[in-house]
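Please treat every number below as a calculation from the coordinates, not as lab data. What you see is a predicted model, and the numbers here were worked out from it, not measured in a lab. Methodologically, a virtual Cβ is constructed for each residue, glycine included, from the backbone with ideal geometry; neighbour enumeration extends over all protein chains shown.
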Amino acid sequence: MVKKFIKKFYVGLILIFLYAPIFILIGLSFNKSKSRAKWGGFTLHWYKELFQNQSIMNALYTTLIIALLSALIATLIGTAASLAISNMKKTPRAILVAITNIPMLNADIVTGISLMLLFVAMRFTLGFSSVLISHITFNIPYVILSVMPKIKQLNPHTYEAALDLGASPIYAFFKVILPDIFPGVLTGFFLAFTMSLDDFVITHFTKGPQINTLSTKIYTEVRKGIKPEIYALSTLMFIAVLLLLILINRRNAEKK
C-alpha cells in the first residue's frame, strides 16, 4: 500500500513539474493585469491584441511556412535517401547511418555557426531561403531514422513480384513499398515539422535581420519584457497540439 502511494506520488510530482509552468502560462493569458505577480481579473483582451499585433502574426506565418516546407522537402529527400541506404552493402550502409547520426548528436550551436559560415563563404544572402535550407538540412536525419526501421520490415519479394507481374518500378513503389513504409514517412514528417517549429539556435544564426520566426521573436521580447500576447499565442499553440494528439490517439484506438 505504501509502495503504491509512493509510486503515485512520484508520478504526480513529475506531472506537476512538467505541466505547472504551462498552466501558469495559460492563466497569465487570461490575466487582465500585465503584472505576473498580480491577478487583475479575467479577460480575453490579450487574445484580441494578439491577432492585431502584426509583428507576432508575421513571425507565426513565417514559422509555419518554414516548418511546413522544410518538413515536406526533408521528408521527400529523407525517404529517397532511406531507400538508397537500405539497398547498399553492409559496410557502406553502416558508415552512412553513422554519418546520419552525427547532426543529431551535434550541438545545435555548432550546426548553426557552421551553416552561417557556409552561407557567408558562398556570399549567400541570409534570410528566408537560408533559414529554409538550414531547417531542411537538420531535419533530413530525423526523417531517415524514422523511415529506415519500416524499410527493414519490408518483404523484398513483394516488390519483385510486382515487377514480375508487369508493374513499372514507379507504379510498384507507390502501390507496394510506399503503403508499407507510410507510417514511418508520416512520423518523420511530423518529427521534422516539430523540430523546425521549435528551433531557435540554428534559426538565430542563419536568419537575416528582415525576418523573424516565433522563437527569435520571443527571444527579442524577453530582453524587452514579454508581452501578454505571447502568453495567448502559446496557449493557443498548446491547445492545438493537445487537440491534434487527442484526434490521432482516437483514430489509432478505432483502428485497433
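Some values worked out for this structure:
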| item | result |
| --- | --- |
| Spacing of the two label points (7 Å from each Cα toward its C-beta) at SER55 and SER168, in nm | 5.3 |
| Net lengthening on full extension, PHE200/ARG36 (0.36 nm per residue, minus Cα-Cα) | 56.6 nm |
| Semi-axis lengths (Å, descending) of the ellipsoid that matches the C-alpha gyration tensor of the chain | 39, 27, 18 |
| Net length gained if the chain between LYS48 and ARG250 were fully extended (0.36 nm per residue, minus Cα distance) | 69.5 nm |
| Where labels lie 7 Å past Cα in the beta-carbon direction, separation of LYS7 and ILE239 in nm | 3.6 |
| When each of LYS48/LYS224; LYS8/LYS34; LYS32/LYS207 is checked by Cα-Cα distance, pairs over 31 Å | LYS8/LYS34; LYS32/LYS207 |
| Residue-wise HN-Hα coupling along region 199-207, computed from phi with Karplus coefficients 6.51, -1.76, 1.60 (Hz; x: Gly, Pro) | 5, 10, 4, 5, 5, 4, 7, 10, 8 |
| Loop trypsin sites (Lys or Arg not before Pro), region 67-127 (other Cβ atoms within 10 Å of the site Cβ: 12 or fewer; DSSP) | LYS89, ARG123 |
| Label-point separation, GLU160 to MET104 (7 Å along Cα→Cβ), nm | 3.0 |
| Cα gyration tensor, region 4-130 - rounded (a/c under 1.5), prolate or oblate | oblate |
| P(r) weight above 14 Å for region 76-162, C-alpha pairs, percent | 70 |
